[in-house]
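Quick notes on the structure that follows.
Derivation of every value follows stated rules applied to the coordinates shown; laboratory data play no part. Quick caveat: nothing in here was measured; it's all calculated off a predicted structure. Here the Cβ is made from the backbone with ideal geometry for all residues, glycine too, and neighbour counts use every protein chain on show.
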Amino acid sequence: MVMSVLTILAVSAIGAALAALLVVADRVIANYGECTVTINKDKSFAVKGGCSLLEALVGEKIFIPSACGGRATCGYCKVKVLDGAGPLLPTEEPYLSPDERKDNVRLSCQVKVRNDLAIQIPEELFNVQEFSCTIEKITQLTHDIREFRFKLDQPDSISYTPGQYVQLLSPAYEKSSEEVYRAYSVSSDPSNKGALELIVRLVPGGICTTYYFDYVKEGDQVKLNGPYGEFRLSDTDAPIIMIAGGSGMAPMKCLLHQMKNNRIARKATYFFGANKVSELFMLETMKEFEQSVPDFKFVPVVAQPETDWDGDTGLVTEAVARHCPDLNGYEAYLCGSPGMIDACIAVLTKTGIPEENIYFDKFS
């Protein structure tokens, strides 16, 4: 028995050592020299080989959407690689359809620059900007959710479509040796082009959220880039169901600002889910929207109330089914974890909303 355990430990140690050697070999011993990345056949730049394609593009201030910060969990950083990418990796396969694979689409965070590359990206990405900002205000909304208000310094204004997101930079600091970007939906009033508000939930051990919760203060200078995303209010008169939880409040609040500003009179019901009463926030703001947005109703739902609560209880999807058994003709707008999104789609399709009328950005 002892020998078996020792053998397993020895094999594990050898495997770990070999893995470490491979990493060192790729980063230190392997010298890929200077590589050229050509974009859309008419733009090119040189970069030292060995980094990811996503990192190389960011270094040239060409920002590709990447909600997960390059961890291969969001599948957003897609580009066409026409030449030089190497074989498709297992980490990419879940995010690429058969048609995308045939069309040479790859995840830029997983493609290593080891030789010259030829890629193709949408021209509109060249219009994405980097903004230098001042943290104007930090508001504690719950024990693990804060609202950050950023004053835009350079450039000093931004135009975006309500529902879009930006990527917030966390610089290298004592808990991270490199810069990382994370995606956060804009929550602010789009009529105020000189500032942005983001609602951020603390992720235990998260590089970016740890930095913004533990290391920054009002008055600090930070950077972000954007805007990105296709999540937006459709140009129809269909009634609306909104469903969100936690920091998923952000794009819904932005859409409600849009409806208020533009006097959009579509019937809308917003179901907001929380585990406890203490995790509800912006209730007064939602009451104000109920008064200023025609035919809008806010329904907070608490899964396990820890205090007296006379509102809806249970899962947010259960509340939707109770209040809206027939949603034929509706559109739905969702923001939350992948699991929550999938659960909502299952309920909404049963109540009459076809999947093509359900809109979301599935952040992980």
Treating only Lys and Arg (+1) and Asp and Glu (-1) as charged, each at its beta carbon, one finds that the stretch 122-278 has a dipole about its Cα centre, in Debye to the nearest 20, of 720
Between Gln154 and Tyr215, Cβ-based FRET efficiency (R0 22 Å, step 0.05) works out to 0.50
Restricting to aspartates and glutamates and to Cα separations under 15 Å from Lys350, and discarding same-chain partners fewer than 8 apart, the set is Glu318, Asp326, Glu331, Asp342
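At 1.306 mPa s and 10 °C, plugging the Kirkwood radius over alpha-carbon pairs of the stretch 128-228 into Stokes-Einstein gives what diffusion coefficient in µm²/s?
117
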Among GluC sites (Glu not before Pro) in the stretch 274-320, those in a DSSP loop whose Cβ has at most 12 other Cβ atoms within 10 Å are Glu306
The ratio Rg/Rh over the Cα atoms of the chain, Rh being the Kirkwood inverse mean 1/r radius, stands at 1.01
Comparing Leu107, Leu255, Leu141 in a Gaussian network model of the chain (Cα, 10 Å), the one with the largest mean-square fluctuation is Leu141
Within the stretch 230-281, DSSP-loop trypsin sites (Lys or Arg not before Pro) with at most 11 other C-beta atoms within 10 Å are Arg263
Per-residue ellipticity at 222 nm attributable to helices in the chain (runs of n ≥ 4 DSSP H, -39500 (n - 2.57) apiece, nearest 500 deg cm²/dmol) works out to -7000 deg cm²/dmol
Per GNM of the chain with C-alpha springs under 10 angstrom, the most fluctuating residue out of Phe281, Phe272, Phe126 is Phe126
Each label sits 7 Å from Cα toward the beta-carbon; between Glu93 and Asn328 the label points are separated, in nm, by 4.3
Pairs over 25 Å Cα to Cα, from Lys193/Lys267; Lys223/Lys287; Lys137/Lys253; Lys78/Lys193; Lys78/Lys137; Lys61/Lys102, come to Lys193/Lys267; Lys223/Lys287; Lys78/Lys193; Lys78/Lys137; Lys61/Lys102
Checking Gly75, Gly33, Gly219 against a Gaussian network model of the chain (alpha-carbon springs below 10 Å), the top fluctuating residue turns out to be Gly33
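Starting from the stretch 39-142, pick out the trypsin sites (Lys or Arg not before Pro) whose DSSP state is loop and whose Cβ has at most 11 other Cβ atoms within 10 Å.
Working: sites: Lys41, Lys43, Lys48, Lys61, Arg71, Lys78, Lys80, Arg101, Lys102, Arg106, Lys112, Arg114, Lys137; in loops: Lys41, Lys61, Arg71, Arg114.
Within the stretch 39-142, the qualifying trypsin sites (Lys or Arg not before Pro) (loop, at most 11 other Cβ atoms within 10 Å) are Lys41, Lys61.
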Length-normalised contact order of the chain, Cα under 8 Å, at least 6 apart, in percent, tallies to 13
At the level of C-alpha centres, the distance separating the stretch 52-69 and the stretch 206-240, in angstrom, is 17
